[in-house]
Every structure is written in structure tokens, then in C-alpha cells.
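Nothing in this text is a laboratory measurement; each read-out follows from the coordinates by a stated rule. Given the structure is predicted, the values throughout are model-derived calculations rather than measurements. Glycine also receives a Cβ, built like all others from the backbone with ideal geometry; neighbour counts cover every protein chain displayed.
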Amino acid sequence: MILEVFISYIFLMVLIGLYEFKRAQNLPEFYIAGKRLGALAVSFSFFATYFSSAAFLGGGGTGFLLGFQWSAFLILFHILFAILAWFVIAPPLKKIADEQGALTIPELFGRKFGKEAQMIYAIVIIFFFEFYMVSIYKGAGILLQTMLSISYIEALLITAVIVALYTTFGGFRAVVTTDIVQGIIMLIGAMVLFVTLLYSFGGLEAIKELSQIKPELFEVGKMGPAPIMNAGLIIPFVLSLTFAISVAQLSAPQLVVRFIAARDQRVIAYGMILTPVIVGIFAICVFSLGPFGWLVIPKEEIPSFLKDVDKVVPYMAMKMLPLGVNALLLTAITAAAMSTINSLVHVSATALVRDLVQNLRKIQESKALILTRVSIIALALIPVVFAVNPPGIIVEIVGVSFSVITSAFLIPLLAVLYGKNVRKVAILASMLVAVLTCVVWQIYFYKTFYTYPVVPGLIASAITFAILNLKK
């Protein structure tokens with residue numbers, strides 16, 4: 001049953017890619033679907049791209065380690081920043097991108113502040129998106145390994161090859177079309193998983209049982225990794241991590257590029273209502289799951305799951321759910337992984353070709369299209385190598401990646417959308433200082449303060465921008 005559903009899903013994704021191939025024969029179509037996307041496409045694509053297997057496994061499983069404080073903060077921040085992204089970022093970004101004729105977010109920066117800004121933006125995207133994809137591949141690999149009884153490496157390769165195929169064939173339109181399908185599957189899967197597990201646990205009785213077994217689950221600052229608890233820094237740790245993951249909705253290029261691809265401002269207006277609702281429902285259903293693992297996992301196995309919380313949700317699903325729901329869960333989490341990887345790979349490839357190569361040398365658009373397709377294959381496979389032995393648990397990788405992406409891009413993007421007489425040096429320096437601050441903080445200071453680098457990164461970016469943008 002599980003295998004049949006999975007194969008059907010994979011076949012559908014490749015079929016969509018092949019179908020869209022005939023329309024993806026020029027750069028505007030391949031890069032942003034000709035700027036003709038409707039509200040449903042933009043909203044579900046935004047949602048499906050943002051939430052990956054990391055949301056199901058890392059976001060869901062981390063509640064096992066941190067309790068409901070994790071669930072509450074993560075849900076709150078996700079809904080808040082989804083609203084802000086569509087109200088604060090989307091309308092002016094769509095307007096300015098149309099005026100400038102930009103096909104990518106880095107290109108928009110290039111039109112406003114020169115090639116240096118465009119190229120720095122592109123380099124940050126390529127490097128940290130590759131790093132971020134490691135976490136998503138790990139999530140997909142763990143799930144397929146658990147549910148299909150195949151090796152972890154086989155699971156990684158299956159995920160990478162399928163995504164590379166349909167993205168290479170159909171470009172952004174294939175990405176968005178598959179995102180709609182994947183987004184619907186993800187949303188239904190999340191709701192079914194939440195309702196079925198809650199029913200299996202006995203509904204509200206499970207809450208009472210949890211409060212008796214593990215009362216710390218319901219308290220702020222009472223659960224977390226031993227070093228952070230001993231340092232008394234669990235609250236800044238949880239707040240900074242949930243903030244780092246959620247605030248990325250405001251400036252992550254794989255998300256905000258969807259605003260450029262929207263047909264018009266009416267699409268943005270509809271998305272303001274639809275997207276936060278979808279994000280909220282999914283967040284509530286998925287991020288509340290982890291603490292219930294304490295009712296399922298045997299006491300003797302708890303230490304191993306506390307070391308790798310990414311395995312909590314798959315274990316709960318296999319233990320508690322009937323076969324048909326298992327198949328839906330597998331499909332939903334696979335959809336979550338692929339719907340994010342396809343966008344990351346697509347944006348990385350367009351950044352490599354449009355924003356780097358074409359700035360260094362002139363090439364015909366037909367050759368640029370071919371090079372973009374080749375780049376998609378390469379950039380989809382590189383993270384697989386690192387995912388074989390990934391650095392840290394999923395949520396940590398996501399937190400660091402999102403910290404850099406948000407810190408480097410949020411202040412400059414707000415300056416592009418709302419600033420007047422913005423100086424080029426302020427944009428360039430704020431991006432570079434943010435990246436450097438995040439990397440240095442993670443290496444040298446994180447284990448002292450246990451605060452994710454998005455906080456010092458954003459502060460450093462804002463201060464740098466403000467100082468250098470002051471008129472002489």
C-alpha cells in the first residue's frame with residue numbers, strides 16, 4: 001500500500017515536469033512562469049516551499065525535547081511572519097520588480113545597486129541553500145528509509161533524482177504546479193496525522209496523561225538539552241531558534257520570488273488572506289506532535305530519541321497509525337521535502353546563471369537556459385553528498401541556514417522596498433557583515449549564549465546599514 005502510493009506520487013511529479021516542458025522554452029517562463037500565476041498557485045507554492053520535511057520531522061520532533069513551549073512559540077511566529085510577509089513585503093516587491101523588469105531577486109538588487117550587489121546576493125544564496133538542502137535531504141532520507149525499508153543512501157538518491165528531473169524539464173512552472181499538488185497533500189496529511197494521532201491517544205485524555213507523566217512539557221524553560229538547561233539559557237535558545245526559522249518568510253528569496261511571479265496585485269490581495277490561514281493550520285497540526293512521543297516511545301529508548309528527535313514523528317506514525325494513513329503520511333512528508341528542494345535548486349541555478357555567469361560574460365539566452373537546466377541537476381546532487389553524514393539535527397541546520405539568509409537579506413530588502421536615497425555601500429556592507437556575524441557567532445559564541453545567530457546577525461546588519469547610509 002505504502003509503496004504503491006509513493007510510486008503513484010512520483011510518477012505524477014515527473015509527468016507534470018514533462019507536461020510543462022513545452023512552455024518552459026524561454027528565460028521568463030523558465031524563471032518565473034511568465035509572471036502569470038494566480039492566487040491559489042502563489043499561496044500554495046509559498047506554503048509548500050516554506051515547509052519542508054524539516055517541518056514534519058524537525059519541527060514536529062523537537063517538541064519531544066523542548067515540550068509545548070516549542071510548539072507555542074513556533075506556531076505564533078509562523079502565523080505572525082506569514083501575515084507580515086504578505087502585507088509588508090509582497091505588494092511593493094511586486095510593483096518594483098515589474099517596474100525594473102527583474103526575473104530574480106538578486107537581479108532586482110543589481111538593477112538598483114549594481115552588479116556587485118547582485119553577485120554577492122547570488123553567492124550567499126548558492127552556498128547557504130546548498131547547506132539548507134542537506135537538512136531536507138536528511139529528513140526525506142530518514143522517512144523513506146523507515147517506511148520503505150530501503151537504505152538511507154538509496155532514499156537520498158531517489159529524492160534528488162526525481163526533483164532534478166521535473167525541475168529541469170518544466171522550470172518554475174513545473175515547480176509551482178507540483179507545489180500546488182504537494183501543498184494540498186501536505187495540508188491534508190498534516191491534518192489527518194494530527195487528528196488520527198490525537199484520536200489514537202484518547203483525545204483530551206492524552207493531555208491529562210502527559211501532564212502526569214511529564215509536567216515539564218507544559219512549562220516554559222523547564223525542558224531542553226542538558227548543556228543549555230545547565231546554563232539557564234533555554235528561553236533565549238527556544239525564542240531565537242523559533243524566530244530564526246519563522247522570520248525567514250519575510251526575505252527568503254525562494255519565497256519572495258513568488259510575489260514577482262504573481263499575475264497582478266489582486267493575486268497578492270487574495271494571498272494575504274489565504275496563505276496565513278494555510279500556514280496556521282499546518283503549523284498547529286505539525287508542531288504540536290512532538291510532546292506526544294512521551295506516550296509512545298518506550299522508556300528504555302527515550303535517550304536515543306532525545307539525541308535525534310528527527311526520528312520521533314516517523315516512529316509515532318509507524319507505531320500508532322493504520323496502513324492507509326501511513327501511506328498518506330509518507331506522501332505528505334515526501335511532498336514537503338520535494339516541494340522545498342525544487343524551489344531551492346531552481347533559485348540557486350537561476351542565481352548561478354542569471355546573476356553570476358551572465359554578469360561575468362555575455363551569453364545567448366538559449367545557452368543560458370541550457371546552462372540553467374544543467375545547473376539544476378548539479379546543484380540538486382551536491383547536497384546529497386553531505387547529507388550522507390549531515391552536521392547536526394535537522395532543526396539546527398535549518399536554524400543556522402535561515403539565520404544567515406534572513407540576516408543577510410531582510411534589511412537590504414526593506415531598504416529596496418521602502419528606502420529613499422539608499423547608498424550602495426550600505427547595502428553591500430550590511431549583507432557581508434550579516435553573513436560574517438552569523439558564521440563567527442555560530443562558531444565561537446553560540447555555545448556560550450545559546451542564542452541563534454539570526455539575532456546578532458540582524459542587529460549587525462541593521463547597525464551597519466544605518467551607519468553607512470547616513471548622509472555625509
Given 238, 203, 296, which one lies farthest toward the positive end of the charge dipole of the chain, if we put +1 on the Cβ of every Lys and Arg and -1 on the Cβ of every Asp and Glu?
-> 238
Cα long-axis angle, helix 454-469 against the chain (0 to 90 degrees, to the nearest 10) = 20 degrees
Cross-link partners among aspartates and glutamates for residue 362, C-alpha distance below 12 Å, same-chain residues fewer than 8 apart left out?
-> none
Projected onto the charge dipole of the chain (+1 at Lys/Arg Cβ, -1 at Asp/Glu Cβ, origin at the Cα centre), which of 158, 277, 129 gives the Cα projection farthest towards the positive end?
-> 129
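Which trypsin sites (Lys or Arg not before Pro) from region 337-419 combine a DSSP loop assignment with at most 10 other Cβ atoms within 10 Å? Could the numbers behind the result be given before it?
Values: sites: 354, 361, 362, 367, 373; in loops: 361, 362.
Answer in residue order: 361, 362.
Enumerate by residue number the trypsin sites (Lys or Arg not before Pro) in region 1-87 meeting two conditions: DSSP loop (anything except H, G, I, E, B), and at most 15 other Cβ atoms within 10 Å of the site's Cβ. Spell out each step's value before the answer.
Working: sites: 22, 23, 35, 36; in loops: 22, 23, 36.
Answer in residue order: 22, 23, 36.
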Mind checking which lysines have their C-alpha under 16 Å from residue 214, skipping anything on the same chain fewer than 8 residues away?
-> 222, 299
Beyond 30 Å (Cα-Cα) in this structure, taken from 94/115; 94/138; 424/447; 420/447, we find 94/138; 424/447; 420/447
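Quote to one decimal, in nm, the extra length available between residue 273 and residue 447 on full extension: 0.36 nm per residue of separation minus the C-alpha distance between them. Don't skip to the end; give the middle numbers.
Values: separation 174, 0.36 × 174 = 62.64 nm, distance 3.98 nm.
Gain in length upon complete extension: 58.7 nm.
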Of [x] 23.7, 73; [y] 24.5, 87; [z] 21.3, 69, the label for Rg and Dmax of the Cα atoms in Å derived from the coordinates | [z]
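Only Lys, Arg, Asp and Glu count, each charged at its Cβ (+1, +1, -1, -1), so figure out the dipole size of region 2-389 about its Cα centre, rounded to 20 debye.
Values: 26 positive and 21 negative charges, 208 e Å.
In total the dipole reaches around 1000 debye.
Gain in length, residue 422 to residue 84, computed as 0.36 nm per residue apart minus the alpha-carbon separation, to one decimal in nm?
Full extension from residue 422 to residue 84 adds 119.4 nm.
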Amide H contacts under 5 Å for residue 221, restricted to residues at least 5 apart in sequence or on another chain and with H modeled in the peptide plane, are none
Nearest 10 degrees, 0 to 90: what angle lies between the long axis of helix 90-100 and the longest principal axis of the chain (Cα atoms)?
-> 30 degrees
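Using only helices, what value at 222 nm comes out for the chain when you add -39,500 (n - 2.57) per DSSP H run of length 4 or more and divide by the total residues, to the nearest 500 deg cm²/dmol?
Details: 22 runs with 356 residues, N = 472.
That calculation yields -25000 deg cm²/dmol at 222 nm.
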Would you please give the FRET efficiency between residue 25 and residue 459, computed as 1/(1 + (r/R0)^6) with r the Cβ-Cβ distance and R0 = 56 Å, to the nearest 0.05?
-> 0.80
List the lysines whose Cα lies under 22 Å from the Cα of residue 22, skipping any in the same chain that are fewer than 8 positions away.
-> 35, 367
Spacing of the two label points (7 Å from each Cα toward its C-beta) at residue 3 and residue 374, in nm | 3.8 nm
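Charges at C-beta only: +1 for Lys and Arg, -1 for Asp and Glu. How large is the resulting dipole of region 83-160 about its Cα centre, in Debye rounded to 20?
On the way: 6 positive and 6 negative charges, 41 e Å.
The calculation lands at about 200 debye.
Subtracting the Cα-Cα distance from 0.36 nm times the residue separation, let me have the gained length for residue 231 to residue 381 in nm, one decimal. Intermediate values should be presented prior to the final figure.
On the way: separation 150, 0.36 × 150 = 54.00 nm, distance 3.94 nm.
The residue 231-residue 381 span can extend by a further 50.1 nm.
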What's the angle, to the nearest 10 degrees (0 to 90), between helix 424-440's Cα axis and the longest principal axis of the chain?
-> 30 degrees
